[in-house]
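Undergrad: Here it is, the structure in full.
The values are calculated or read from the model by the stated rules, or taken from the named source; none is laboratory data. Not measured: the values here are computed from a predicted model. Positions of Cβ are backbone-derived with ideal geometry, glycine not excepted, and every protein chain shown enters the neighbour counts. Heavy atoms of the whole protein, side chains included, go into the accessibility calculation; ligands, DNA and RNA do not. Shrake-Rupley method; radii C 1.70, N 1.55, O 1.52, S 1.80 Å.
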Amino acid sequence: MVAGVALTAGGLAFPRPAAAADKLTVLLDWFVNPDHAPLYVAREMGYFRDAGLEVEMVAPADPNDPPKLVAAGQADLAVSYQPQLQMQAAEGLPLTRIGTLIATPLNTVVVLADGPVKSIADLKGRKVGFSVGGLEEALLGAMLENAGLKLSDVTLVNVNFSLSPALLSGQVDAVVGAYRNFELNQMDIEGRAGRAFYPEEHGVPPYDELVVVANSAKVGDPRLPRFMDAVERGTMYLINHPEEAWKLFVKANPDLDDELNRRAWRDTLPRFAHSPGALDTRRYERFARFLKERELIGEVPKLEQYAVELR
């Protein structure tokens, strides 16, 4: 045999080219931030590549678009929110949850720590800023009722996503919709500490904040279980190695290497779903009943129509 040449029964054997990775597009819910850490760690660690996937994450121009684009078959997956998914499923959109990124609510009611509001009951007669009607009003309403008040006991002010500035400037006395891992840190960095009231401690059933949704007709896509397995590997790595994972995250997103995102990273770590593919059926059914009671949905759709565990 000539050195360096391998022979087979059929002649010369040459290395086979590696199989092309299957492409998958994930539309994010918002601009890139630490909430998306499992996705970026999975990509930077090569876990998607190991699963035979080439995954592209895309930040939307309009955060309302990603689920609609997936429902229309114009993207593979979207990062969305459990409450939003349940409301859209009730409207008939063909969307199905296949995984969870953030397994606790992030939404809060926030006031100034040194201000007059020490409890939810202290909101009576005060102004509360909000950005998105419907769900935020329902959450606030439930929290107020838990304290013996009604939604009509406060004045709602649309602050158009300018939550912290509206609170710091005195335009409002509280805001609903502030994320516990971001706005509280932003306020503290600016020298004005905030106090948060957590919906799940004041009459609102717990829910998953960030979920991954697919088109319901494509839940059988063989790429999806491989994607979720890689996300789980990414989650385990960042939980076990938070500092190393942070370095990977900012390597991929260098403009996020600042104090706010470092604090948000720290505060988000305990909130990632440790088993991203697992589905808590009772949690979904319970929150669907809450949405119906608050008249945000009509009939409650069957859970298997919009949330699954991939096999």
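Undergrad: Which number comes out as Rg/Rh for region 171-311 once both Rg and the Kirkwood Rh are worked out on C-alpha atoms? Write out the running numbers ahead of the final one.
TA: Numbers: Rg = 18.2 Å, Rh = 18.1 Å.
Radius of gyration relative to Kirkwood radius: 1.01.
Undergrad: Whole-Hz ³J(HN,Hα) for each residue in region 238-253, computed from phi via Karplus 6.51 cos²θ - 1.76 cosθ + 1.60 with θ = phi - 60°, x for glycine and proline: what do you get?
TA: These are the phi-based 3J(HN,Hα) values: 6, 6, 6, 9, x, 5, 5, 5, 4, 4, 5, 5, 7, 5, 6, 9 Hz.
Undergrad: Then there's this: Could you tell me the calculated FRET efficiency between Val132 and Ala21, based on Cβ-Cβ distance and R0 = 45 angstrom, to the nearest 0.05? Numbers along the way, then the final one.
TA: Numbers: r = 37 Å, r/R0 = 0.82.
So the FRET efficiency works out to roughly 0.75.
Undergrad: Another question, then. In the chain, what percentage of the DSSP-assigned beta bridges are antiparallel, given to the nearest 5?
TA: In the chain, DSSP labels about 60 percent of beta bridges as antiparallel.
Undergrad: Something else about it: Given Cβ point charges of +1 (Lys, Arg) and -1 (Asp, Glu) and nothing else, what value in debye, to the nearest 20, does the dipole of the chain about its Cα centre take? Could the numbers behind the result be given before it?
TA: Values: 32 positive and 42 negative charges, 93 e Å.
Once rounded to the nearest 20, the dipole reads 440 debye.
Undergrad: Still on this model: Roughly how big is region 107-201's charge dipole about its Cα centre, with Cβ charges of +1 (Lys, Arg) and -1 (Asp, Glu), in debye to the nearest 20?
TA: That gives a dipole near 200 debye.
Undergrad: Between region 286-303 and region 164-200, what is the C-alpha centre distance in whole Å?
TA: About 29 Å separates the Cα centre of region 286-303 from the one of region 164-200.
Undergrad: What share of all Cα pairs of region 107-201, in percent, falls into each consecutive 5 Å distance bin?
TA: 3, 15, 30, 29, 17, 6, 1
Undergrad: Compute the signed sum of charges (Lys and Arg +1, Asp and Glu -1) over the other residues within less than 12 Å, Cβ to Cβ, of Arg294.
TA: Details: positive: Arg289, Lys292; negative: Glu136, Glu137, Glu145, Glu293, Glu295.
Counting the neighbours of Arg294, the net charge comes to -3.
Undergrad: Shifting gears a bit: Give the residue from Ala20, Ile297, Leu95 lying farthest towards the positive end of the charge dipole for the chain; charges sit on Cβ (+1 for Lys and Arg, -1 for Asp and Glu) and the dipole is referred to the Cα centre.
TA: Farthest towards the positive pole: Ala20.
Undergrad: Within the accessible area of region 107-201, what % is carbon and sulfur when the probe is 1.4 Å and the other protein chains stay in place?
TA: Details: 1830 of 3970 Å².
C and S fraction of accessible area: 46 percent.
Undergrad: Additional query: What 222 nm value per residue comes from the helices of the chain, counting each DSSP H run with n ≥ 4 as -39,500 (n - 2.57) and dividing by all residues, nearest 500 deg cm²/dmol?
TA: Working: 11 runs with 105 residues, N = 311.
Value at 222 nm, helices only, nearest 500: -9500 deg cm²/dmol.
Undergrad: Using the Cα centre of the chain as origin and beta-carbon charges of +1 (Lys, Arg) and -1 (Asp, Glu), tell me which of Ala121, Val204, Leu135 is placed farthest towards the positive end of the dipole.
TA: Result: Val204.
Undergrad: With a point put 7 Å past each Cα toward its Cβ, work out how far Glu201 is from Asp50 in nm, to one decimal.
TA: With each label placed 7 Å out from Cα toward Cβ, I get 3.8 nm.
Undergrad: Another question, then. What net charge is computed for the residues neighbouring Met236, neighbours being all others with C-beta under 13 Å from the C-beta of Met236, Lys and Arg scored +1, Asp and Glu -1?
TA: With Lys, Arg at +1 and Asp, Glu at -1, the neighbours total -2.
Undergrad: Just to confirm, what accessible area per residue do you get for the chain at 1.4 Å probe, in whole Å²? Kindly include the intermediate steps, with their values, before the conclusion.
TA: On the way: 14640 Å² over 311 residues.
Value for the chain: 47 Å² per residue.
Undergrad: If we restrict to alpha carbons, what Rg and Dmax does the chain come to, in Å?
TA: Expressed in Å, the Cα Rg and Dmax of the chain come to 22.5, 92.
Undergrad: Among the listed pairs Lys150/Lys218; Lys23/Lys68; Lys68/Lys302; Lys218/Lys247; Lys68/Lys292, give every one whose C-alpha distance is greater than 31 Å. Provide the component values of the computation, followed by the final result.
TA: Working: Lys150/Lys218 43 Å; Lys23/Lys68 20 Å; Lys68/Lys302 20 Å; Lys218/Lys247 34 Å; Lys68/Lys292 22 Å.
Pairs exceeding 31 Å: Lys150/Lys218; Lys218/Lys247.
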